[in-house]
């Protein structure tokens with residue numbers, strides 16, 4: 001069974017690599033569209049394809065991560081309910097960090113030359129700030145965990 005899952009994941013990984021390489025090739029070598037604004041900046045023709053690929057990969061990653069967490073939590077809940085409840089601590093901490101980061105986010109609209117879209121509103125600005133602050137926190141937590149485990153290993 002593990003050989004089958006290994007083979008399936010192997011082929012899926014290389015299929016994703018192939019799609020990414022093709023879309024990146026189209027983006028970089030597919031040509032430029034019409035000039036944007038008075039500065040005559042060029043917009044690659046396949047920018048939308050690259051953005052949709054990234055959105056799809058992000059969505060797939062989120063769905064698979066949440067699904068794996070639920071399956072793992074369900075299995076741990078059967079075997080050791082107390083340990084399963086303790087494993088929720090990381091999710092609760094992440095939600096708390098996201099709520100604090102949301103409250104820290106700025107609602108001030110940005111002055112962007114050549115942008116006439118409708119995403120420059122307080123909700124989207126606070127959401128992007130929340131994701132950035134959460135990312136900063138997670139990077140700092142990873143660095144502290146790496147340093148802490150290195151120090152712990154050196155002291156043993």
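Between residue 89 and residue 113, the modelled labels are 5.2 nm apart [label points 7 Å from Cα along Cα→Cβ].
Inter-part distance, the stretch 117-149 to the stretch 13-27, computed on C-alpha centroids, equals 28 Å. Working ranking of peptides 16-25, 128-137 by packing, defined as the average number of other Cβ atoms within 10 Å per residue, highest first, is 128-137, 16-25. Mean residue ellipticity at 222 nm, helices only, the chain: -26500 deg cm²/dmol; runs of at least 4 DSSP H residues each add -39,500 (n - 2.57), and the sum is divided by the number of residues.
For log10 I(q)/I(0) by the Debye sum over Cα atoms at q = 0.08, 0.12, 0.17, 0.18 Å⁻¹, the candidate list reads [x] -0.22, -0.50, -0.98, -1.09; [y] -0.44, -0.94, -1.29, -1.30; [z] -0.36, -0.70, -0.98, -1.03; the entry that matches the value derived from this model is [y]. Any chance you could give the angle, 0 to 90 degrees and rounded to 10, that helix 47-79 forms with the longest Cα principal axis of the chain? Once rounded, the angle reads 10 degrees. With both labels modelled 7 Å from their Cα along Cα-to-Cβ, the residue 6 to residue 100 distance reads 4.3 nm.
With 0.36 nm allotted per residue and the present C-alpha distance subtracted, the residue 71-residue 142 stretch has 23.1 nm of extension available.
Between residue 58 and residue 132, the modelled labels are 1.5 nm apart [label points 7 Å from Cα along Cα→Cβ]. Take every pair of alpha-carbon atoms less than 8 Å apart whose residues are at least six positions apart; their mean separation over the length of the chain yields a relative contact order of 12 percent.
No value in this document is a laboratory result; all are computed from the given coordinates. Computed from a predicted structure; not experimentally measured. As a convention, Cβ positions derive from the backbone with ideal geometry for all residues, glycine included, and neighbour counts pool all protein chains shown.
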